[in-house]
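What follows is a single structure, written as structure tokens, with notes after it.
The values are calculated or read from the model by the stated rules, or taken from the named source; none is laboratory data. The model shown is predicted, which means the values in this text are computed figures rather than measured ones. Backbone-built Cβ (ideal geometry, glycine too); neighbour counts: all protein chains shown.
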Amino acid sequence: GTNQTNAPVTKTDGANVDPEKQKEELFKRLADLVKAAPVMLFMKGTPSDPQCGFSRQMVGILRENSVKYGFFNILADDEVRQGLKEFAEWPTYPQLWIDGELVGGLDIIKEEMGNNEDFFKPYAVGGTADAAA
């Protein structure tokens, strides 16, 4: 038919798609994404409507510490959800990234804060990020 060009291309279509290249592209995108904000939270849902208890707790901790953060709803993007696990070598969500480095999940964040109550201070609204550098 003449409409063929308008047919949505599924990922399984076209044997010319190189999965290695695809992965490379995805990892490049993820590398930018984890640096989208100094503190980046990859969570299930959104801060105003978390879709899992751990994500909700993580949002609570960030809020209590007045942390300015960006977030990404992994439920909205399956490619990111699957890819980030591999990219981060971390199988679960939420994931908290600071300055492009994975800090970890909720347990690790709680542990970090237990060891250092000023853990988030450099990233708090009104805090001075420069002092920590």
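Structure data summary
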| quantity | calculated |
| --- | --- |
| Scan of the stretch 26-54 for residues that are touching a strand residue (DSSP E or B) at 6+ places or on another chain (Cβ under 8 Å) and in a helix (DSSP H, G or I), ordered by number | 33 |
| Test for residue 74: is it within 29 Å of residue 25 (Cα to Cα), surrounded by 15 or more Cβ atoms within 10 Å (Cβ to Cβ), touching a Lys or Arg at 6+ places or on another chain (Cβ under 6 Å) and at pLDDT 95 or above | yes |
| Selection count where residues are of a type in the set (S, T, N, Q) and modelled with pLDDT under 95, scope the stretch 77-119 | 0 |
| Qualifying residue in the stretch 5-21 (condition: at pLDDT below 80, outside any loop (DSSP other than H, G, I, E, B) and either surrounded by 10 or more Cβ atoms within 10 Å (Cβ to Cβ) or not hydrophobic (A, V, I, L, M, F, W, C) (or both)) | yes |
